[in-house]
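Here the structure is laid out as structure tokens; the discussion comes afterwards.
Here, each number is a calculation from the coordinates, and none is a lab measurement. Every value quoted in this text rests on a predicted model; they were computed, and no experiment measured them. All Cβ positions, glycine included, derive from the backbone under ideal geometry; neighbour counts span all protein chains shown.
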Amino acid sequence: MVGQILDGVRILDFTWMLAGPYTTRILADFGAEVIKIQSEKTAKGAESNLSAYFNAWNRNKRSITLNLSHPEAREIVLKLVSISDIVIENFSPRVMSNWGLNYEALSKVRPDLIMVSISAMGQTGPWKDFVAFGQTIQALSGMTFLSSFTKDSPSGLGYAYADVISGLYGAIAVLAGLQYRDQTGEGQYIDLSELEALCTLLGPTLMDLSVHHQEILPKGNRSDDLMAAPYGCYRCLGEDRWCVIAVFNEDQWENFCQVMGNPDWTQEERFSTIAKRKDHSEELDAFIGQWTIQRRAEEVVFLLQGNGIPSGIVQDARDLAKDPQLIERGYFLSLRHPVLGEMISDAQPIRFKNHSTAHWKAAPLLGQDNRYVFRELLGLSEEEWSFYIERGVIQ
Amino acid sequence: MKDPFEKRERISKGGEKSLLQNLRILDLADEKASFCSKLLADMGANVVKIERPGGDPSRRIGPFIGNSFNPEKSLFFHYHNTNKRGITLNIEHPMGREIFLRLVKQTDVVVETFPPGFLKGLQLDFEILNEANPKLILLSVTGFGQSGPKKDAPSCDLVASAYGGQMYISGSPSTPPLKPYGEQSYYTASLFGAIGILLALRKREQTGRGDQIDISLQESVLSSFAHVMIRYFHEKIITQRQGSLYGDYSFFILPCKNGYLLMAPFQQWEMLVEWMESEGMAEDLKEMKWQEETYRIRNFKHLFEILKRWTETHTVEELFEIGQLMRFPWAPIYSPKQVLENPQLKERKFFIDVDHPEIETSIQYPGPPYRLSSISLPRWRRAPLIGEDNRAIYQGELGLSDEEMKRLSSLNVI
């Protein structure tokens, strides 16, 4: 068995919910030893080791139990930090400090420590203590407002996008920090703000506003910024079936007209250039919709892709589960969990030429690695170990 | 408690270290992945953008400074190419190919977004690049990845969003599926790509060899939303679009006097009802049965109406501020203008001014979302104009003569 990329990198993982665990999942998938700190009190709901969600975000990690509100837990954490490369947490900003476990304290026992704190607003500023989940961040970033059909019907995205984006930035932060440490020997504390992370994904729009001071309104699937027409989502035959079509140049437009059988309307002056088609997109979309509604999405997309026109089926969960492209690339895989049984999971979308998931394991049971971590890694004696268990420090 | 950032300026006066100071990247990417090397350039990597003569096609994407098309005034291009240097080079021309191979020998990473097989057609596929530079890391970002029955299908953000499952679950039952605003699939693919590059660098330390990384826009989209496939595989539920009622009703959007508020009505239920009661607006929500979450979900419409009558008597700011004091995870639905005015972002100096000497002004850019304890941000450079660094790189670094430069230029190689 070939070694994994992050073999020998040890991560002490205080994260919970989604953003933090998403970061440590990526690192664990590539071989880092991720030790997740849990407690009986917090292992509930989405953090219950037997929930499908927990299993998805915590595969390939180890689990230990430590009651962090117990005063004697701190010295164990410090010992763990001294043998770890990285600490990650995504609590509200004051939590780690309240336990005496901020970067200043931790870097005393491990001077080249890399610590990443992911929080909603960042560790500083007037809003640092605000409570927020992914949807809250999306609302504050402008993403919810802009991802809507009109400003008076805000809808936004149907999922916690901000958490995943922050998780991805978290992984970049850890790996860039490691790169820097390898070259200079220095550690780093990295303060990552979820709100800022999401705002980076609206860059051109925020710049547009600051340059031109003109209000920017939501437009559904339309885009003022792309030279493309048609560009949109069209209803197809069947219940709630849809396709998307994007035409970026005149060659594609001619092919598209041909696929539709060159109906008379395609010859009209108002549809003769991309700019004109953009100006008349409502009428254009109505004509195209009349063509797509008579056909299955699969048929429309087959015809268009065969003629070099970007198009796609709006896939729901069932379509995705049987998508031949995803299946052939091994996007879904199965991991055996000791209690839950075979669990289907998503692979890493980061693929190396010689990609292997042979070492992958399902998520850990609560505290399943206590003995290994406390006895073998930390070298606690049998007496110390039972002492901490009796006192309720290790649960 | 001591603030680890207290001594640090957001932007350095110059000459400071950066996280990725010794990393060299050649960026052949169009809009699908130009954000990837931007992320690394913003961390200090030395990135050279290679555009075809005349400029990269992503310069045609708006918005434009002054609101009319100009390939050197695309804010889209500017945002995605900060801190890079830029050269023009036609790698399809045999002489351009030779120059590219010389550049490849001096780089760590190449990022590209051509259709699968395009580089092979030019005899510039990974095997050949790897021969020129065994330590080279090649990142390829395409619509569907380098393999599989759809690998050659044309794609774009709209197509990736549809195929990746993002659109089906956004929007409301009465609207078509909704694509997230902006070119989000390019961002997620770029974030995954940047992680891939940093992992490959580490792997290279162990093996001495580079590697090829294959990123699919479709898979990047699918990997960016949490619960949809988990619910399908484990509960056989096909997630539907529900407008602003998210997931299991844990969040929804209600109108106020002067805007819209995102609420989480199931958290701290009793506190919420008490608050409404103190204003005489709780109606029947005091009744015991409402304490059951399942009852609230079943009678959601009624609950929604009562909450709406209450929120409409308040401004968004009142409910946001008081709500946050009571630790409700609520927020106003901010427009971009309100984002620019956000006091939290201002205090943290999230937006940074970048000089644009070519138009004698500076423009406010979103900065990176992180603060580092021992490194300040380098002063940002705006994206290159078309071929802006040709002379510095071809003459200064590759040592081409004036004659060679002229000849290459007349052949439209640079």
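What ³J(HN,Hα) values, in whole Hz, does the Karplus curve 6.51 cos²θ - 1.76 cosθ + 1.60 give for region B:232-240 when θ = phi - 60°, with x put for Gly and Pro?
For region B:232-240, the Karplus curve yields 5, 5, 9, 10, 6, 9, 9, 4, 9 Hz.
So, by mean Cβ neighbours within 10 angstrom, what's the order for A:169-178, A:333-342 with the highest one leading?
Descending packing order for the listed peptides: A:169-178, A:333-342.
Determine the shielding of peptide B:75-85 by partner chains: average, over its residues, the number of Cβ atoms on other chains within 10 angstrom of each Cβ.
For peptide B:75-85, the averaged partner shielding equals 3.
Please name whichever of A:Met96, A:Thr184, A:Thr124 sits farthest to the positive end of the charge dipole of region A:66-185, dipole taken about the Cα centre and charges placed at Cβ: Lys and Arg +1, Asp and Glu -1.
It is A:Thr124, whose Cα lies furthest towards the positive end.
Tell me, A:Met96, B:Met326, A:Met121 in order of fewest to most beta-carbon neighbours within 10 Å?
B:Met326, A:Met96, A:Met121
Taking the Cβ-Cβ separation of B:Leu411 and B:Asn67 as r and a Förster radius of 41 Å, what is the calculated FRET efficiency to the nearest 0.05?
0.70
In nm, what is the difference between 0.36 nm times the number of residues separating B:Glu287 and B:Ser174 and their Cα-Cα distance?
Stretched out fully, the B:Glu287 to B:Ser174 stretch lengthens by 37.4 nm.
Among rounded, prolate and oblate, which fits chain B when a ≥ b ≥ c are the square roots of the eigenvalues of its C-alpha gyration tensor, a/c under 1.5 means rounded, and a/b larger than b/c means prolate?
prolate
What is the dipole size for chain A, taken about its Cα centre, with +1 at each Lys and Arg Cβ and -1 at each Asp and Glu Cβ, in debye to the nearest 20?
880 debye
Among residues other than A:Trp99 whose Cβ falls under 11 Å from its Cβ, what is the net charge (Lys/Arg +1, Asp/Glu -1)?
Once positives and negatives cancel, what remains is +1.
Determine the percent antiparallel among the DSSP beta bridges restricted to the protein assembly as shown, to the nearest 5.
45 percent
Using only the Cα atoms of region B:1-142, build the gyration tensor, take square roots of its eigenvalues as a ≥ b ≥ c, and label the shape rounded, prolate or oblate: rounded if a/c is under 1.5, else prolate if a/b is larger than b/c, else oblate.
oblate
Specify whether the C-alpha gyration tensor of region B:133-287 places it in the rounded, prolate or oblate class, a ≥ b ≥ c being the square roots of the eigenvalues: rounded for a/c under 1.5, otherwise prolate if a/b is larger than b/c and oblate if not.
It is prolate, given that a/c is not under 1.5 and a/b is the larger ratio.
State the answer as a single residue: which of A:Ala275, A:Leu106, B:Pro357 lies farthest towards the positive end of the charge dipole of the protein assembly as shown, with beta carbon charges of +1 for Lys and Arg and -1 for Asp and Glu, about the Cα centre.
Farthest along the dipole direction, towards plus: A:Leu106.
May I ask you to sort A:Ser381, B:Ser18, B:Ser374 by Cβ crowding, counting other Cβ atoms within 10 Å and putting the fewest first?
A:Ser381, B:Ser374, B:Ser18
Around A:Leu113, under 15 Å between beta carbons, what's the net of Lys plus Arg minus Asp minus Glu among the other residues?
Surrounding charge for A:Leu113 is -3.
Estimate the FRET efficiency between B:Lys135 and B:Ile359 by the formula 1/(1 + (r/R0)^6), using the beta-carbon distance for r and 56 Å for R0, to the nearest 0.05.
0.90
Roughly how crowded by other chains is peptide A:324-333, in terms of the mean Cβ count from those chains within 10 Å of each of its Cβ atoms?
Per residue, the average neighbour count from other chains is 6.
If R₀ is 22 angstrom, what is the calculated FRET efficiency for the pair A:Asp129 and B:Glu312, using the beta carbon separation as r and rounding to 0.05?
Approximately 0.20, to the nearest 0.05.
If I model a spin label as a point 7 Å beyond the Cα along the Cα-Cβ vector, how far apart are those points for A:Thr42 and B:Glu270 in nm?
2.5 nm
For region B:368-409 and region B:284-361, what is the separation of their C-alpha centers, rounded to whole Å?
The distance from the Cα centre of region B:368-409 to that of region B:284-361 comes to 43 Å.
Of the candidates B:Ala383, B:Ala132, B:Ala153, which one comes out as most mobile in a Gaussian network treatment of chain B with C-alpha springs shorter than 10 Å?
B:Ala153
Peptides A:185-193, B:80-88, B:169-177: what's the order by average Cβ count within 10 Å, highest mean first?
Per-residue mean Cβ counts within 10 Å order the peptides as B:80-88, A:185-193, B:169-177.
Counting only helical runs of four or more DSSP H residues, what would the 222 nm mean residue ellipticity of chain A come to if each run contributes -39,500 (n - 2.57) and the total is spread over all its residues?
-10500 deg cm²/dmol
Can you pull the one-decimal nm distance between simple spin-label points at B:Ser250 and A:Asn307, each 7 Å off the Cα toward Cβ?
My value for the distance between the label points is 4.5 nm.
Could you work out which residue, out of B:Gln106, B:Gln218, B:Gln364, moves most in a Gaussian network model of chain B, that is, has the largest mean-square fluctuation with Cα springs under 10 Å?
B:Gln364
If the elastic network links every pair of Cα atoms under 10 Å, which of B:Tyr163, B:Tyr365, B:Tyr181 fluctuates the most in the Gaussian network model of chain B?
B:Tyr181
Past the 22 Å Cα-Cα mark, which pairs from A:Lys151/B:Lys308; A:Lys61/B:Lys32; B:Lys32/B:Lys179?
A:Lys61/B:Lys32
With +1 assigned to the C-beta of every Lys and Arg and -1 to the C-beta of every Asp and Glu, and no other charges, what is the dipole magnitude of region B:171-248 about the Cα centre in debye, to the nearest 20?
I would put it at about 80 debye.
Take every residue in peptide A:91-102, count the Cβ atoms of other chains within 10 Å of its Cβ, and give the average of those counts.
1
Would you list B:Lys349, B:Lys150, A:Lys36, A:Lys41 from fewest to most Cβ contacts within 10 Å?
A:Lys41, B:Lys349, B:Lys150, A:Lys36
Suppose each label sits 7 Å from its Cα in the direction of the beta carbon; what would the B:Glu98-A:Asp264 distance come out to in nanometres?
It is 6.0 nm.
Pull out the extension gain between B:Glu205 and B:Arg381, defined as 0.36 nm times the separation in residues minus the alpha carbon to alpha carbon distance; nm, one decimal.
Length difference between fully extended and current span is 60.3 nm.
Nearest 500 deg cm²/dmol is fine: what mean residue ellipticity at 222 nm does chain B get from its DSSP H runs of n ≥ 4 alone, each adding -39,500 (n - 2.57), divided by its residue count?
-9500 deg cm²/dmol
Placing unit charges on C-beta atoms (Lys and Arg positive, Asp and Glu negative, everything else neutral), compute the dipole magnitude of the protein assembly as shown about its Cα centre in debye, rounded to 20.
Rounded to the nearest 20 debye, it is 1140 debye.
Measuring from centroid to centroid over Cα atoms, what is the spacing of region B:83-111 and region A:54-101 in Å?
What the calculation gives is 46 Å, centre to centre.
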